[in-house]
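Visitor: Could you have a look at this structure, given as structure tokens, before my questions?
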Amino acid sequence: MKNTFIGLATAALVALTGASTAQAQGQGLLDTIITRDSLLCTGHNGSYLGFAEVDAAGAWQGFDIEFCKALATAILGSPNKLQVIPVSWAQRFPALQSGDVDVIVKVTGWTQTRDTELGLQYSRPYFIGPFYVMAKKELGATGIADLEGGVFCVNAGTTVERVLTDYMASKGIQYESLAFEKGEELRSALYAGRCDAIAGFGPFLSATRVEAPDPEAYQILGDVLALEPEGIVVRQGEDDLLDVINWTVSALLMAEESGITQANVDEIKANPPSPTIARLLGVTPGVGTRLGISDDFAYNVIKAVGNYGEIYDRTVGDGSRYKLPRGLNNLWNQGGLLYPLVLD
Amino acid sequence: MTRLLASQKFRRLAFQSGFIVCVGLVVLSAILVGHRNIAAQGIATGFSFLERTTGWPVNFAVIPVTAGSTYAWVLWAGLLNTMLVGFLTLLLATLLGLVLALFRVSSNTLMKLVGTTYVEVFRNVPVILQVFFWYALLTHLPSPREAIRLGVVVLSNRGLMFPSATLSGADLLILLAAVLMTGFALWIPARRTGAMLRWSLAGVLLATFFAALLLSFREIGEPLWSVPELKGLRFVGGITLKPEFAALLIGLVLFGAAYICEIIRGGLLSVDRGKLEAGTALGLTGFQVNRLIRIPLAIRAMLPSLTNQYVWLMKATTVGIAIGYPDYFAIVSTSINQTGQTLELLALLMAGFILINYSISFAMNRINDHIKIKGRS
């Protein structure tokens, strides 16, 4: 009887250590994704308007979801080989660490703690997010200083909490902060008048205003609290996957820079105007195999979701109901901060 | 060896120790594997983050918390917030539950109807919906500038504000002393001193306290009360009962009271009819029968399920996170997101709730041991 137990205990130990060894020493995540034939990407618990929202038909859409689709297309050839896992702001890092998701595309600010102590690795910023404050117009505020003593609502556990604290401390403005776990509760608190203002990411504020029962009652104040570069996040050590992410983002930017769109990509592929574009679209082989994916990945991505500008326009820009100006998220030659890498 | 195996005692011992060793090994290997995988991913572990400052504010706390407080201090504030709302819930829900239970067992049809309707309505709606409902109601009150004023009390969507006494530390000491002395005076058995003497003693003590407060420990011209006044966007002065706290408390109390009512009712009904009739036969009034016979006997019957309910209600305070009340769960959740120390913080979360709930069940079990009929287990 005793032997049975020792046998069981040994089996349990072997099972546990064995499972972990496969994860720790086995193939990289990129290979795992290819074998699985599906990419696990972050969604949101509820809707984060403009970035990850569920439409009336129950399908995910938004700026971040488009990047998930772009990655699924780059790695697996089709935007449908994507599984969107709804996670809250707080769950996103544990979900990545435990392998519930492969990548975090969830406007995640690049902070030092996350980059080092959490064991995360960031892609180049794919979005530059300025933080603003949106207040009720009836308060007559022209700047944040006019909101002295007011209640500011924020998303709990995000960088906004810190950014607002720092800004208010540096300006010596007294205020009261109220943090909500879910975007829906935050919005209804603002609409009900529980808060005088909300602080947050510019796009989120515009989306919140559009959703309001009376959008004209709110205004985004001009003061910028801080600027936050947002990156796509993978676990430390998944270099192959990170390379694919960086070059996919770069391909989207290069496509916009060269005027390649979803509509004309076939035409341009048939008759590439320059050697670089020939490489980008996989007419001249090489750019994909180096990354361990197909050579025409950029073509597939552009065919599936369009270039960076098209994604922006469709989800948060002029083509959407949020009408968010491109601002800093424009190409370098259009007054923005974004640029493609060199494709040789 | 064969003789050893033949002994039933030895076999049982071997079986049990083998089982314990096996469970121990599984737990140990899980911890080791977890630790190694975390290290392999380059994630920092340990509790050193508790010493770091948080950099984010907390909206409601009974101890002073700023963005410069350490994680340890902020977590402690969260635990206190949970205990504050939790213990107030237990107290108020028990009182309300008792009243409703008396309604339900009374012979008056209208009272019975009120009790039954209450229980059916509040027991059958999920607690989070009830909390949302009260929160929506409270936040849709007028803004501070159009606040409702009931004398000195101000009601707006920023909460209920009422004047507070501006007490210094010395004042508080006098107040404490006065309360203790009054209590002591009331505690002296009536048959020794007579009721008149007791009450006059208490009266003199209270009067002395107020005189002391007014005369000696107050700078001339300093107001005795701080009254809420509109200043810019907010009210300054007085005490504010915030909507988050109020909505959570109201929701939990009304929900908990429905369950507690049923537990108390069950306890009251379990009391043998003969004992009540015996009391009446001895000439006790209805109130005396309730106080001396029915309630003491009922308490014995309902204490175990009441303990269960108390522990459950304490855990239900975690719905506070949904409406922005910074309870222990909400603070831990935000801390996880800011530091990424998921496992450590979840361990602290569990430890906190085990501590609170074990204390409740420990105290309740002591009471149960004390009052149960001796000789029965």
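The values are calculated or read from the model by the stated rules, or taken from the named source; none is laboratory data. Since this is a predicted model, take the numbers as computed values, not measurements. For neighbour counting, all protein chains shown are included, and Cβ atoms are generated from backbone atoms with ideal geometry for every residue, glycine included. Keep in mind that these areas ignore ligands, DNA and RNA; they rest on the heavy atoms of the full protein, side chains included. Shrake-Rupley method; radii C 1.70, N 1.55, O 1.52, S 1.80 Å.
Visitor: How about the protein assembly as shown: what cysteines have no other cysteine beta carbon under 4.7 Å from their own?
Guide: B:22, B:261
Visitor: Work out the length of the dipole vector of the protein assembly as shown about its Cα centre, built from +1 on the beta-carbon of each Lys and Arg and -1 on the beta-carbon of each Asp and Glu, and round it to the nearest 20 debye.
Guide: 4400 debye
Visitor: How many Å² of accessible surface get buried when A and B come together, counting both sides, probe radius 1.4 Å, rounded to the nearest 100?
Guide: Chain pair A/B: roughly 4100 Å² of buried accessible area.
Visitor: When the Cα atoms of the protein assembly as shown are enclosed in a convex hull and the volume is divided per residue, what value in Å³ results?
Guide: Given the Cα convex hull of the protein assembly as shown, per-residue volume reads 241 Å³.
Visitor: Next question. Can you pull the percent of Cα pairs in segment A:130-228 with separation above 20 Å?
Guide: Above the 20 Å cut-off, segment A:130-228 has 25 percent of its Cα pairs.
Visitor: Go ahead and estimate [θ] at 222 nm for the protein assembly as shown from helices alone: -39,500 (n - 2.57) per DSSP H run with n ≥ 4, summed, over the residue count, rounded to 500.
Guide: Calculated from helices alone, the mean residue ellipticity at 222 nm is -17500 deg cm²/dmol.
Visitor: Here is a follow-up. At 0.36 nm per residue, minus the direct Cα-Cα distance, what do residue B:146 and residue B:346 gain on full extension? Give it in nm, one decimal, please.
Guide: The residue B:146-residue B:346 span can extend by a further 67.7 nm.
Visitor: Which three semi-axes in whole Å describe the equivalent ellipsoid of chain B, each the square root of 5 times a Cα gyration tensor eigenvalue, listed largest first?
Guide: Square roots of five times the eigenvalues give 42, 37, 24 Å.
Visitor: Is there a quick way to get the dipole size of segment A:130-228? I mean about its Cα centre, with the Cβ of Lys and Arg at +1 and of Asp and Glu at -1; what is the value in debye to the nearest 20?
Guide: 40 debye
Visitor: How much net charge surrounds residue A:203 when only other residues with a Cβ under 15 Å from its Cβ are counted (Lys, Arg +1; Asp, Glu -1)?
Guide: Around residue A:203, the surrounding residues sum to -1.
Visitor: Oh, and also: Using a 10 angstrom cutoff on alpha carbons, build the Gaussian network for chain B and name the most mobile of B:302, B:111, B:314.
Guide: Largest GNM mean-square fluctuation: B:111.
Visitor: Give me the lysines in straight-line cross-link reach of residue A:269: C-alpha distance below 28 Å, same-chain residues under 8 apart excluded.
Guide: A:69, A:81, A:303
Visitor: Turning to a different aspect of this structure: Just to confirm a number: summing +1 for Lys and Arg and -1 for Asp and Glu over residues other than residue A:306 whose beta-carbon lies under 12 angstrom from that of residue A:306, what do you get?
Guide: -1
Visitor: Please give the Cα centre distance for segment A:148-212 versus segment B:43-76, rounded to the nearest Å.
Guide: Spelled out, the Cα-based centre of one part sits 20 Å from the other.
Visitor: To one decimal place, what Kirkwood hydrodynamic radius in Å is obtained for chain A from all pairs of distinct Cα atoms?
Guide: 21.7 Å
Visitor: Determine the sum of side-chain charges near residue A:274: Lys and Arg each +1, Asp and Glu each -1, restricted to other residues whose C-beta is under 15 angstrom from that of residue A:274.
Guide: -1
Visitor: While we're here: Does segment A:301-344 come out rounded, prolate or oblate by the C-alpha gyration tensor, with a ≥ b ≥ c the root eigenvalues, rounded set by a/c under 1.5 and, if not, prolate when a/b is larger than b/c and oblate if not?
Guide: Cα axes put segment A:301-344 in the oblate bin.
Visitor: Related question: Expected output is a single nm value to one decimal: the length gained when fully extending between residue A:56 and residue A:139, i.e. 0.36 nm times separation in residues minus the C-alpha distance. What is it?
Guide: Stretched out fully, the residue A:56 to residue A:139 stretch lengthens by 26.4 nm.
Visitor: Something else about it: Take residue A:321 and residue B:200, extend 7 Å from each Cα along the Cα→Cβ direction, and tell me the distance between the two endpoints in nm.
Guide: Rounded to a tenth, the inter-label distance reads 7.8 nm.
Visitor: Please identify which residues in segment B:248-274 have an amide N closer than 18 Å to a label point set 7 Å out from the Cα of residue B:305, following the Cα→Cβ vector.
Guide: Counting backbone N atoms under 18 Å from the label point, the list is B:255-273.
Visitor: Provide the gained length on full extension for the span residue B:369 to residue B:287, in nm with one decimal, where the gain is 0.36 nm per separating residue minus the Cα-Cα distance.
Guide: Roughly 26.9 nm would be gained on extension.
Visitor: Using Cα springs under 10 Å in a Gaussian network model of chain B, which residue among B:24, B:78, B:320 shows the largest mean-square fluctuation?
Guide: B:24
Visitor: Also, quick follow-up: Where a Cα-Cα gap under 29 Å defines reach, which lysines qualify for residue A:171, not counting those fewer than 8 residues away within the same chain?
Guide: Within reach: A:136, A:137, A:182, B:231, B:242.
Visitor: While we're here: Most fluctuating residue of A:112, A:61, A:97 in a GNM of chain A with Cα springs under 10 Å: which is it?
Guide: A:112
Visitor: What percent do you get for the relative contact order of chain B when only Cα pairs under 8 Å and 6+ apart count?
Guide: The value is 22 percent.
Visitor: Among A:247, A:186, A:274, which residue has its Cα furthest toward the positive end of the charge dipole of segment A:186-318, with +1 on Lys/Arg Cβ and -1 on Asp/Glu Cβ?
Guide: Of the candidates, A:247 comes out farthest on the positive side.
Visitor: Right, here's the next one. For residue B:9, go through the lysines and keep the ones whose alpha-carbon is under 16 Å away, minus same-chain ones fewer than eight residues off.
Guide: Answer for residue B:9, where 16 Å is the Cα cut-off: A:2, listed by chain and number.
Visitor: How far apart, in nanometres, would the label points at residue A:111 and residue A:337 be if each is projected 7 angstrom from Cα along the Cα-to-Cβ direction?
Guide: About 1.7 nm, to one decimal.
Visitor: Between segment B:289-311 and segment A:100-145, how many Å separate their Cα centres?
Guide: Distance between centres, Cα-based: 54 Å.
Visitor: Which is the longest part of chain B that has none of the trypsin sites (Lys or Arg not before Pro) sitting in a DSSP loop with at most 12 other Cβ atoms within 10 Å?
Guide: Longest site-free region, per DSSP loop and neighbour criteria: B:1-373.
Visitor: Would you please give the FRET efficiency between residue B:16 and residue B:39, computed as 1/(1 + (r/R0)^6) with r the Cβ-Cβ distance and R0 = 51 Å, to the nearest 0.05?
Guide: Taking R0 as 51 Å, the efficiency between residue B:16 and residue B:39 is 0.90.
Visitor: Separation of segment A:264-312 and segment B:312-331 by C-alpha centroid, Å?
Guide: Comparing the Cα centres of segment A:264-312 and segment B:312-331, I get a distance of 51 Å.
Visitor: Report the label-to-label distance for residue B:278 and residue B:177 in nanometres (one decimal), using points 7 Å from each Cα along the Cα→Cβ vector.
Guide: In this crude label model, residue B:278 to residue B:177 measures out at 5.1 nm.
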